[in-house]
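Shown next, in structure tokens, is the structure this report addresses.
Just so it is clear, none of the values below were taken in a lab; they were calculated from the coordinates. These numbers come from a predicted model, not from an experiment. Don't worry about glycine lacking a Cβ; one is built from the backbone with ideal geometry, like all the others, and counts go over all protein chains shown.
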């Protein structure tokens, strides 16, 4: 097993999703695009591909990008629905970062003539 595979296999977001102290008092928006998200369809086992768009206004913390990349790569061999993947990622990031605002858009590639986009926005739940 290569070193990257070992890191991904052993990654536990509850302890390995590193965050840094936000050193800025003003509000600002961080936008991260993750264009290589993959997981497996829980019904067929076929791969699903998506681009994730994360946008958040930090409060006390920002996510360290390598840790975010490793977390996202843990989905590569997981059988999980589009809805469950998006909601899990959103929930974990919301819990760890506790941002002032956060939005996640999971834009899955079409498969079988179906294109799915999952959007979760903290503003919608206020």
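In table form, for the structure just shown:
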| read-out | value |
| --- | --- |
| Residue among 90, 56 that alone is in contact with a helix residue (DSSP H, G or I) (Cβ under 9 Å, 6 or more places away or on another chain), part of a strand (DSSP E or B) and either farther than 18 Å from residue 8 by Cα or without any contact (Cβ under 8 Å) to a residue 40 or more places away in the chain (or both) | 56 |
| So residue 120, is it closer than 24 Å to residue 60 by Cα, touching a residue at least 12 places away in the same chain (Cβ under 8 Å), touching a helix residue (DSSP H, G or I) at 6+ places or on another chain (Cβ under 7 Å) and assigned to a helix (DSSP H, G or I) | no |
| Residue list for the stretch 59-87, restricted to those being within 23 Å of residue 19 (Cβ to Cβ) and in a strand (DSSP E or B) | 61, 62, 63 |
| Hits in the stretch 1-49 (condition: under 14 Å from the mean Cα position of the chain (by Cα), surrounded by fewer than 10 Cβ atoms within 10 Å (Cβ to Cβ) and assigned to a helix (DSSP H, G or I)) | 14 |
| Where residue 104 falls short, out of the listed (1) closer than 28 Å to residue 5 by Cα; (2) in a loop (DSSP other than H, G, I, E, B) | (2) |
| Matching residues, the stretch 58-70, being crowded, with 17+ Cβ neighbours inside 10 Å and touching a strand residue (DSSP E or B) at 6+ places or on another chain (Cβ under 9 Å) | 58, 62, 63, 67, 68 |
| Pairs with Cβ under 6 Å, 6+ apart, first in the stretch 101-113 and surrounded by fewer than 14 Cβ atoms within 10 Å (Cβ to Cβ), second in a strand (DSSP E or B) | 109/49 |
